[in-house]
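Worksheet: the structure to be examined is printed underneath.
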Amino acid sequence: MTKPSSVIVRAANPEEGVAIAGLWRELWDVHEVWGGYAGTRDLRVYDQLAARLSEDARVRAGQPILGRHIHLVAQTAEGVVGQVEGWFDRHGVDETTPYTCEVRSLIVSARARTHGVGTALLQELARIAKQMSRGAPVVMAAEVLEPNPAHSFYARVGYTPVSWTARIDTRGATDAPSYGFGARQAVPNDALAIAMLDPSLAERRRAQGDVRFDRPRAVDATFVGALASHLARPFGSYDQCELVVVDTNMVVRASASLTVMSLDPPFVPARRGLLGRFALDPALPPAPLVEPLVRLGKRMALARGAGALELTDLDPPGAPINEAARLAGATPWSRIVERYA
């Protein structure tokens with residue numbers, strides 16, 4: 001698809017903070033309708049956002065790139081009608097793993113939709129990401145809420161789903177049956193067991209077409225040592241930890257990562273819990289392993305102020321791990337879509 005000549009995509013100007021903040025308010029209002037995290041109604045927050053956006057544009061001095069962050073706006077005869085952010089990174093240590101440009105806050109004003117604005121923003125974002133990679137492969141990735149009608153838009157421009165997320169209320173009881181497995185926070189002595197499970201996660205991601213992460217890696221002393229050091233850090237100082245599932249013989253059969261983070265304005269102040277990187281013993285069915293991870297993840301996320309827990313890195317609806325999340329009480333939340341730049 002070619003960019004319509006009536007759409008200009010460029011870096012923001014300092015005087016456009018108010019217009020861009022207005023786009024953010026439009027996005028957050030509709031996201032809340034779709035069941036997303038609530039946005040504030042406090043006009044002072046949007047005034048502060050506008051000031052921050054103007055200052056950000058002044059610092060960039062007409063350039064869309066600042067470190068790993070990319071910010072673009074779309075202009076038509078009606079003024080600024082869209083914006084997109086991108087975050088450029090590589091998720092792993094393998095040099096063959098593509099760089100990822102994460103599409104964030106793609107917004108097109110309601111008055112400008114169906115005019116090619118979203119396509120133009122994504123095309124320019126991909127062009128800049130390829131420039132930043134200096135010839136290395138780049139994959140574009142975006143998270144889309146399940147009720148969001150943008151699914152059809154992303155499909156039209158070549159993005160395909162590769163990962164799914166479900167969501168569960170941390171305050172509700174877990175109705176799923178107990179399977180006789182127990183979950184606990186991982187400790188340094190679990191490092192080897194977690195490392196041995198890691199290839200199952202990498203293989204599942206690749207089988208689903210998710211190329212953002214490293215291929216299965218060899219389990220060596222360096223990998224295990226780094227993991228043990230990570231597990232030695234206390235949960236709470238950085239709000240990220242590993243959980244494991246053990247059987248009746250105390251053998252580790254599964255692992256997952258729990259993260260709890262604060263949502264920044266213009267969200268209403270809240271905490272967001274995420275449970276992902278499900279690495280499961282392939283010799284066992286997923287449901288008995290996922291349920292205790294979800295049960296413990298809910299309890300730990302709630303203790304840190306998160307009212308909901310998102311289960312990320314799932315396979316497609318109806319597939320074993322996604323079905324295990326459903327049996328644990330979670331409902332569909334979003335999906336990750338990708339395409340090569």
Checking ASP89 against (1) over 30 Å from ILE168 (Cβ atoms); (2) exposed (fewer than 14 other Cβ atoms within 10 Å of the Cβ); (3) not hydrophobic (A, V, I, L, M, F, W, C), which test does it fail? (1)
Quickly run through region 263-317 and pick out the residues that are more than 24 Å from ALA195 (Cβ to Cβ) and in a strand (DSSP E or B). LEU263, PHE267, ALA270, ARG271, ARG272, GLY273, ALA306, GLY307, ALA308, LEU309, GLU310
Residues that are of a type outside the set (D, E, K, R) and either more than 25 Å from ARG171 (Cα to Cα) or surrounded by 17 or more Cβ atoms within 10 Å (Cβ to Cβ) (or both), drawn from region 266-277: PRO266, PHE267, GLY273, LEU274, LEU275, GLY276
Filter region 1-21 down to the residues that are touching a strand residue (DSSP E or B) at 6+ places or on another chain (Cβ under 9 Å) and open to solvent by 40 Å² or more (accessible area, probe 1.4 Å), then identify the one that is modelled with the lowest pLDDT. LYS3
Restricting attention to region 312-341, and to residues there that are under 30 Å from ALA129 (Cβ atoms) and of a type in the set (D, E, K, R), which single residue is most open to solvent (accessible area, probe 1.4 Å)? ARG339
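Of the residues LEU280, LEU309, which single one is touching a Gly at 6+ places or on another chain (Cβ under 7 Å) and either under 22 Å from LEU227 (Cα atoms) or buried (at least 20 other Cβ atoms within 10 Å of the Cβ) (or both)? So that I can check it myself, show each step before the final result.
Working: LEU280 fails: touching a Gly at 6+ places or on another chain (Cβ under 7 Å).
After ruling out the rest, the residue left standing is LEU309.
Tell me, which strands (runs of 3 or more DSSP E) lie completely within region 127-220 with 3 or more residues that are open to solvent by 40 Å² or more (accessible area, probe 1.4 Å)?
Numbers: elements: 138-145, 160-169, 182-185.
Passing ranges, in order: 160-169.
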Test: residue in region 96-109 that is free of Cβ contacts under 8 Å to residues at least 12 places away in the same chain, among the charged types (D, E, K, R) and at negative phi: no
Give the residues of region 232-262 that are hydrophobic (A, V, I, L, M, F, W, C) and either at pLDDT below 90 or surrounded by 18 or more Cβ atoms within 10 Å (Cβ to Cβ) (or both), sorted by residue number. PHE235, CYS241, LEU243, VAL244, VAL245, VAL252, ALA254, ALA256, LEU258, VAL260
Within region 130-157, track down each residue that is small (Gly, Ala, Ser) and more than 19 Å from the chain's Cα centre (by Cα). SER133, GLY135, ALA136, SER152
How many residues, within region 152-211, are more than 20 Å from GLU310 (Cβ to Cβ) and basic (Lys, Arg)? 3
If you go through region 46-66 one residue at a time, how many are in contact with a strand residue (DSSP E or B) (Cβ under 9 Å, 6 or more places away or on another chain) and either open to solvent by 20 Å² or more (accessible area, probe 1.4 Å) or of a type in the set (Lys, Arg) (or both)? 6
Looking at (1) part of a helix (DSSP H, G or I); (2) modelled with pLDDT of 95 or more; (3) touching a helix residue (DSSP H, G or I) at 6+ places or on another chain (Cβ under 6 Å), which is the one condition that is false for PHE223? (2)
Qualifying strands (runs of 3 or more DSSP E) (wholly inside region 1-97; at least 3 residues being among the small types (Gly, Ala, Ser) and touching a helix residue (DSSP H, G or I) at 6+ places or on another chain (Cβ under 8 Å)): 79-89
PRO317 vs. criteria in the same structural domain as ARG204 (by the TED database) and over 25 Å from GLY182 (Cβ atoms): yes
Number of the exception - LEU106 against (1) more than 30 Å from LEU327 (Cβ to Cβ); (2) touching a helix residue (DSSP H, G or I) at 6+ places or on another chain (Cβ under 8 Å); (3) open to solvent by 60 Å² or more (accessible area, probe 1.4 Å): (3)
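The values are calculated or read from the model by the stated rules, or taken from the named source; none is laboratory data. Predicted model, so just to flag it, every value in this text is computed and none were measured. So basically every Cβ, Gly included, is an ideal-geometry build from the backbone, and we count neighbours across all protein chains shown. Only protein heavy atoms, including side chains, enter the accessible area calculation; ligands, DNA and RNA are left aside. Shrake-Rupley method; radii C 1.70, N 1.55, O 1.52, S 1.80 Å.
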